[in-house]
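Step one of this worksheet: look at the structure below.
The values are calculated or read from the model by the stated rules, or taken from the named source; none is laboratory data. These numbers were taken from a predicted model, which means no experiment stands behind them. Neighbour counts run over all protein chains shown; Cβ positions are idealised from the backbone, glycine included.
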Amino acid sequence: MVDLRVILPVVAAGLMMGSQPIWANMWSDNGPVFESDRREREEREAAERAANRKTYEPTVYPKYMEGGERPDFKPAVPPIVYLDRTEEPGSIIVDTQARKLYFVLPGKKAYAYPISVGRDGFTWTGTERISRIAEWPSWTPPAEMRERVPGLPVTVSGGMKNPQGARALYLGSSIYRIHGTNNDRTVGRANSSGCFRLTNEHVVHLASIAKVGAKVHVMQSYAGGVSENAPLSSIFGFLGSEPAAKPAKPEKKKPVAQKKKPATPAAATVQVGRPSTAAAVAAPSTETPATAAASAAAEAAAAAKEARAAAAEAVAAARAAASPGAAKTVSAQ
């Protein structure tokens, strides 16, 4: 049987170790630590840092600064995510809260780029269109920025010393851009003056597929729904969110009216009163069986009559040949 005197101290020690961070915030070597005291200390330290910054000498840059080297950044393809609702392919959605930029693809898909967004006081929302796409753009700090940060150059040519990086997508006629960076560590944070920064590899990829005139929707939070996993309907082919295309209806052919050919005239008769064999075959028969039998009997009787007449003529000729006077008469003719 387990001795409770052994188990209980072990359990108590485990609980104390698991709650060490809590006790550390509530107790110190000198006594208890109150939440109000901790906040007061943090505020005092922040005020000291702000006072120290005022004593720093501002960095003074050349008035017209060269951007420096321009590496050949290869485009990096970001991950694809799945949208719950249909968006316009080719458009861009900027979710400042999630710090993501979505380039919409067909089929409810999108490329998802991590970005840096405006810090407090420099965020904005709205819709713009891409007005220009530039490679290694120059940078001219706005007048209000030069007032906030004395010593900035008037302009910086394109290059790795330029904070806009390898590419820039200009948003309408505003001062805001979607651009690269000369410091990858800033991506994913809220530390810009209202622009949206990507890594140079990502901005090169985005600039290669985005088009001038495309819409850019900047919003605090995209409410359309985004998932990193494909919906089941796209995997198994059921419950599809998009209706299937209707099969094309077969084209009905109109009946073509055929012209009737004129009847071929009957062939000319060979003998008067008796049609030729060809005409008899071509013309459809209108005789009944009784009429046909009567016609056949009449033709047979006529043939027999002609045969009897021919036989009589033959007998008469034979008799005439046998008579001597008949022979003289014939030869004298």
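Structure notes:
- Pairs linking a residue in segment 111-136 that is assigned to a loop (DSSP other than H, G, I, E, B) to a residue that is aromatic (Phe, Trp, Tyr), with Cβ atoms under 6 Å and 6 or more positions apart or on different chains, are ILE115/PHE196.
- Counting only helices (runs of 4 or more DSSP H) wholly contained in segment 139-246, the ones carrying 2 or more residues that are at pLDDT below 95 occupy 143-148, 232-236.
- All positions within segment 192-206 that are surrounded by fewer than 22 Cβ atoms within 10 Å (Cβ to Cβ) and over 18 Å from ASP95 (Cβ atoms): SER193, GLU201, VAL204
- The criterion of being farther than 15 Å from VAL117 by Cβ and in contact with a strand residue (DSSP E or B) (Cβ under 9 Å, 6 or more places away or on another chain) holds for ASN162.
- For segment 137-165, the candidate set comprises residues that are of a type in the set (S, T, N, Q) and in contact (Cβ under 8 Å) with a residue 24 or more places away in the chain; within that set, the residue that is surrounded by the most Cβ atoms within 10 Å (Cβ to Cβ) is ASN162.
- Pairs, first free of Cβ contacts under 8 Å to residues at least 12 places away in the same chain in segment 71-93, second buried (at least 17 other Cβ atoms within 10 Å of the Cβ), C-beta under 6 Å, six or more apart: none
- Residue that is surrounded by the most Cβ atoms within 10 Å (Cβ to Cβ) [pool: residues in segment 112-133 that are over 16 Å from GLY188 (Cβ atoms) and in contact with a His (Cβ under 9 Å, 6 or more places away or on another chain)]: GLU128
- PRO75 meets the stated requirement of being assigned to a loop (DSSP other than H, G, I, E, B), in contact with an Asp or Glu (Cβ under 7 Å, 6 or more places away or on another chain), closer than 30 Å to GLY165 by Cα and at pLDDT 65 or above.
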